[in-house]
Amino acid sequence: MKKQLFLPYSRQQINQDDIEAVSEVLKSDFLTQGPIIEIFEKDVAHTVESKYSIATNSATSALHIACIALGLKKGDILWTSPITFVASANCARYCGANVSFVDIDEMTGLISLEKLKEKLELSSKEGRLPKILVPVHLTGSSCDMEEIYKLSKKYDFKILEDASHAIGGTYKNKPVGNCMYSDITVFSFHPVKIITSGEGGVATTNDESLFIKMKELRSHGITKDKNKFKVFKTDPWAYEQQDLGYNYRITDIQAALGKSQLRRLSEIVKERNRQHIFYSEILKGLPINLLKIPKDVYSSFHLQVIQIELSKKLHYREIFMNMRDAGIGVQLHYIPVHLQPYYKQLGFKKGMYPNSELYSNRSISIPLYPGLKKEDQIYVKETLLNVLEKL
């Protein structure tokens, strides 16, 4: 088996249209706070069928201002999945709020509805219900948002979808991000995601008041709308800081790249699905499982996660390192958040979310991205087979 060049688990794909779109901005009058940002926002809203869209310099920033807009504060509680990037939980800590977790369904990697219902019922009796729930659409597959929405009405919590993996995916034949069953949805445009703006994120919503609040928070809490002025009503040069906001602005350069990539979103997601289907064919017979895609979900396949059926002869670390040594950039998505040192200091312990811990002990992300060739996928499969046979 011939060793190939390094194959990362994911990577960006930049074409000539992207380069020309960025070049046009570099030649224009605005590198930031210019017209391309609003055009990009409208394109995203149109694509996901939401009313509003706010672009930020990262999905983490978008999660933060979304939490503030939803009223999260000290003493409140935010719940999310342990199997996610730390930002899904950190956004609560930025607001001084507490964090708790809901264990996952091992087959999908998504928040378990059964565990969520059990936790809500118990927390209702204890007076410890969440202010916000952050369902995480892991690998590009949507959680069961209609059922979560029904629970939100029963237990009175807000829903903030972390769809960092999921732009281009659908739930019940509607685009992820349309906010039919949530208050706000957040996407990431980091280079390893479905489409990229270099760094960047977007929050979508159908609530005008949330849109206005997040837009002001994105830029220092400042408004230039004279109709909203409280003090400098007659000064032609005036602007007013009416809240404590942040510099979470995206640039026109980033927005131009994102706008260009958005035009081929459907094509990119189709290619990712084709690669997933090919993996599912060539990996048959190996002691591994692929994550189950829930009913009524079309995944955007940001990640291709395999779960190894570990036995005494199959050791996770050896498999991981042997794949890396063969030039395959496997990764774990994710170490459970509650086991991170920061969260352990807050009182979380090993054993609290057993499904998530089992998931992380046997899950590996293998290469999947636009431009990955079938022969590359076959090399991944042959390398994996070779590694497993040695153990």
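The values are calculated or read from the model by the stated rules, or taken from the named source; none is laboratory data. No experiment lies behind these values; they were computed from the predicted model shown. Cβ: placed from backbone, ideal geometry, glycine included. Neighbour counts: every protein chain shown. Note: accessible area is taken over every heavy atom of the protein model, side chains too, but ligands, DNA and RNA are not part of it. Shrake-Rupley method; radii C 1.70, N 1.55, O 1.52, S 1.80 Å.
Any idea which of (1) within 16 Å of Thr60 (Cα to Cα); (2) in contact with a strand residue (DSSP E or B) (Cβ under 9 Å, 6 or more places away or on another chain); (3) assigned to a loop (DSSP other than H, G, I, E, B) is the one Ala92 doesn't satisfy?
So the condition that Ala92 fails would be (3).
Could you give me the residue pairs with C-beta distances under 6 Å whose first residue belongs to region 89-102 and is polar (S, T, N, Q), whose second residue is buried (at least 19 other Cβ atoms within 10 Å of the Cβ) wherever it lies, and which are 6+ apart or on separate chains?
The qualifying pairs are Ser100/Trp79.
For region 354-362, does any single residue satisfy the condition of being closer than 18 Å to Phe278 by Cβ and buried (at least 17 other Cβ atoms within 10 Å of the Cβ)? Please lay out each step first, then the result.
So the first thing to find is which residues in region 354-362 are closer than 18 Å to Phe278 by Cβ, and the list is none.
Among the residues of region 354-362, not one is closer than 18 Å to Phe278 by Cβ and buried (at least 17 other Cβ atoms within 10 Å of the Cβ), which makes the answer no.
May I ask you to verify whether Gly169 is farther than 17 Å from Glu38 by Cβ, in contact with a strand residue (DSSP E or B) (Cβ under 6 Å, 6 or more places away or on another chain) and of a type outside the set (Asp, Glu)?
Here the answer is yes, as Gly169 does meet what is asked.
Looking only at residues that are buried (at least 16 other Cβ atoms within 10 Å of the Cβ) and acidic (Asp, Glu) in region 211-255, which one is farthest from Ser188 (Cα to Cα)?
So, considering only residues that are buried (at least 16 other Cβ atoms within 10 Å of the Cβ) and acidic (Asp, Glu), the one farthest from Ser188 (Cα to Cα) is Glu240.
Kindly check whether there is at least one residue in region 294-307 that is part of a loop (DSSP other than H, G, I, E, B), among the charged types (D, E, K, R) and within 18 Å of Ile83 (Cα to Cα).
No, region 294-307 contains no residue that is part of a loop (DSSP other than H, G, I, E, B), among the charged types (D, E, K, R) and within 18 Å of Ile83 (Cα to Cα).
Give me the residue from region 324-349 that is in a helix (DSSP H, G or I) and under 24 Å from the mean Cα position of the chain (by Cα) and, out of that set, nearest to Phe85 (Cα to Cα).
The residue in question is Val337.
Look at Tyr279 and say whether it is closer than 13 Å to Ser365 by Cβ, outside any helix (DSSP H, G or I) and of a type in the set (Ser, Thr, Tyr).
no
Working carefully through the options Phe301, Phe278, find the one that is under 14 Å from Thr139 (Cα atoms) and either among the aromatic types (Phe, Trp, Tyr) or free of Cβ contacts under 8 Å to residues at least 24 places away in the same chain (or both).
Of Phe301, Phe278, the one residue that is under 14 Å from Thr139 (Cα atoms) and either among the aromatic types (Phe, Trp, Tyr) or free of Cβ contacts under 8 Å to residues at least 24 places away in the same chain (or both) is Phe301.
Out of all the residues in region 275-292, is one or more open to solvent by 20 Å² or more (accessible area, probe 1.4 Å), over 29 Å from Leu358 (Cβ atoms) and of a type in the set (D, E, K, R)?
No, that holds for no residue.
Being farther than 26 Å from His190 by Cβ and either of a type in the set (A, V, I, L, M) or buried (at least 19 other Cβ atoms within 10 Å of the Cβ) (or both) is true for just one of Ile335, Ile319. Which residue is that?
Working: Ile335 fails: farther than 26 Å from His190 by Cβ.
Of Ile335, Ile319, the one residue that is farther than 26 Å from His190 by Cβ and either of a type in the set (A, V, I, L, M) or buried (at least 19 other Cβ atoms within 10 Å of the Cβ) (or both) is Ile319.
Tally the residues that are without any contact (Cβ under 8 Å) to a residue 12 or more places away in the chain and either under 9 Å from the mean Cα position of the chain (by Cα) or surrounded by 24 or more Cβ atoms within 10 Å (Cβ to Cβ) (or both), restricting the search to region 137-167.
Of the residues in region 137-167, 0 are without any contact (Cβ under 8 Å) to a residue 12 or more places away in the chain and either under 9 Å from the mean Cα position of the chain (by Cα) or surrounded by 24 or more Cβ atoms within 10 Å (Cβ to Cβ) (or both).
Looking at Ile378, Ile364, can you tell me which residue is outside any helix (DSSP H, G or I) and either of a type in the set (Asp, Glu) or in contact with a helix residue (DSSP H, G or I) (Cβ under 7 Å, 6 or more places away or on another chain) (or both)?
The match here is Ile364.
Tell me whether region 70-82 contains one or more residues that are open to solvent by 10 Å² or more (accessible area, probe 1.4 Å) and part of a helix (DSSP H, G or I).
No, there is no match, as no residue in region 70-82 is open to solvent by 10 Å² or more (accessible area, probe 1.4 Å) and part of a helix (DSSP H, G or I).
Taking region 293-316 only, how many residues are small (Gly, Ala, Ser) and surrounded by fewer than 17 Cβ atoms within 10 Å (Cβ to Cβ)? Before you say what the answer is, go through the steps one by one.
Keep residues of region 293-316 that are small (Gly, Ala, Ser), which gives 299-300, 311.
Those left that are additionally surrounded by fewer than 17 Cβ atoms within 10 Å (Cβ to Cβ): 311.
Here the count works out to 1.
Quick one: is Ile37 touching a helix residue (DSSP H, G or I) at 6+ places or on another chain (Cβ under 7 Å) and not in a strand (DSSP E or B)?
Yes: the conditions hold for Ile37.
Are there any pairs, at least 6 apart or on different chains, whose C-beta atoms fall under 7 Å, with the first in region 175-189 and at pLDDT 95 or above and the second of a type in the set (Val, Ile, Thr) and open to solvent by 10 Å² or more (accessible area, probe 1.4 Å), and if so, which?
From residues that are at pLDDT 95 or above, the pairs are Pro175/Thr47; Val176/Thr170.
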